[in-house]
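This report concerns only the one structure given below.
Where a number appears in this text, it was derived from the coordinates with a stated rule and is not lab data. No experiment lies behind these values; they were computed from the predicted model shown. Neighbour counts run over all protein chains shown; Cβ positions are idealised from the backbone, glycine included.
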Amino acid sequence: MIIIMLGAPGTGKGTVAGILSEKMNIPQVSTGDIFRKHIKENTKLGILAEKYISKGELVPDEITVDLVKSRLEEPDAQKGVILDGFPRTIKQAEELEKILKEKQTKLDMVINLTTPEDEIIERVENRRVCQNCKAVYNVKLSPPQQEGICDKCGHELVKRKDDNAKTVKSRLETYFEQTSQLIDYYNKKGKLRTEEVSERINRFGKNVAEDIIKEISE
Ligand code: AMP
């Protein structure tokens, strides 16, 4: 099964992708996580990607597409994947279509998450991620049992460098300029499922994931 997570930063893509990945037993492929790993390891790709990521801009399509293409060749990805943060441009979506065609597989569902902008900024400010297993916490809404420590694996939780108000503003601009066009693109293909994630209506990423899993297993 191939699922795409679409949505502005801070809408809960990683949370939904993580739950779906665990329950469906297929990997979560987060391009952001792959770039962050390269940055941490100071690879050539990491040094290049950081220039864009630190400004809230997108890493160029060719680089990102090649990265995803080779990730999809790995053995664990053959049963399907949850694509978390890819595609982010029409060009990437078109290239993904070609990759899936070559692999004689097809896209099953695009989950588009929406959240009011003021909540997004707050969510991103309060987000902490596990350096090891990538689990996502919100210090206000879903804090870990012990401050700064991941409940799942016991490693340290950190705040992402690009999770600050200034970079979030430019990430949001990038989203509206380049990524939001994908809503229409996938809607026309009949693949889109839009879900609101909002504290105000008491609906969170985990509720969305639970509903989808329930429907799939019915
Ligand atoms: P994320 O962890 O999904 O919020 O991604 C963090 C940052 O990595 C983004 O703000 C982009 O700079 C970069 N990035 C992640 N995925 C992509 C993508 N599909 N295309 C281009 N840049 C990306």
Please indicate, with yes or no, whether at least one residue in the range 133-144 is surrounded by 13 or more Cβ atoms within 10 Å (Cβ to Cβ), more than 24 Å from residue 91 (Cα to Cα), touching a residue at least 60 places away in the same chain (Cβ under 8 Å) and touching a Gly at 6+ places or on another chain (Cβ under 6 Å).
-> yes
Flag for residue 167 being out of contact with any Gly (no Cβ under 8 Å at 6 or more places or on another chain) and either within 16 Å of the ligand (Cβ to nearest atom) or acidic (Asp, Glu) (or both) | no
Give me a count of the residues in the range 73-88 that are touching a Ser or Thr at 6+ places or on another chain (Cβ under 7 Å) and more than 7 Å from the ligand (Cβ to nearest atom).
-> 1
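Table: residues versus (1) more than 26 Å from residue 1 (Cα to Cα); (2) in contact (Cβ under 8 Å) with a residue 12 or more places away in the chain.
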site	(1), (2)
111	no, yes
146	yes, no
182	no, yes
214	no, no
Near pairs, Cβ below 8 angstrom, 6+ apart or cross-chain, from the range 76-95 (hydroxyl-bearing (Ser, Thr, Tyr)) to any residue that is within 13 Å of the ligand (Cβ to nearest atom) | 89/58; 89/61; 89/178; 89/179; 89/182
Given (1) assigned to a strand (DSSP E or B); (2) basic (Lys, Arg); (3) out of contact with any strand residue (DSSP E or B) (no Cβ under 7 Å at 6 or more places or on another chain), number of the condition residue 166 does not satisfy | (1)
So which of 113, 107, 182 ends up being within 21 Å of residue 86 (Cβ to Cβ), within 14 Å of the ligand (Cβ to nearest atom) and not in a helix (DSSP H, G or I)?
-> 113
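Going by what's in this entry, would residue 70 be described as polar (S, T, N, Q), within 10 Å of the ligand (Cβ to nearest atom) and over 25 Å from residue 208 (Cα atoms)?
no
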Scan the range 112-141 for residues that are touching a Ser or Thr at 6+ places or on another chain (Cβ under 8 Å) and on the phi < 0 side of the Ramachandran plot and jot them down.
-> 112, 113, 114, 115, 116, 119, 120, 123, 136
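On the basis of being away from the ligand (no atom under 11 Å from the Cβ), crowded, with 16+ Cβ neighbours inside 10 Å and over 23 Å from residue 162 (Cα atoms), does residue 100 make the cut?
Here the answer is no, as residue 100 does not meet what is asked.
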Output yes when any residue across the range 37-56 is in a helix (DSSP H, G or I), free of Cβ contacts under 8 Å to residues at least 60 places away in the same chain, buried (at least 19 other Cβ atoms within 10 Å of the Cβ) and among the β-branched types (Val, Ile, Thr), and no when none is.
-> no
Which residues, counting only those in the range 26-67, are of a type in the set (S, T, N, Q) and within 13 Å of the ligand (Cβ to nearest atom)?
-> 28, 30, 31, 54, 64
If you take the residues of the range 75-104 that are within 18 Å of the chain's Cα centre (by Cα) and assigned to a loop (DSSP other than H, G, I, E, B), which of them is farthest from residue 60 (Cα to Cα)?
-> 80
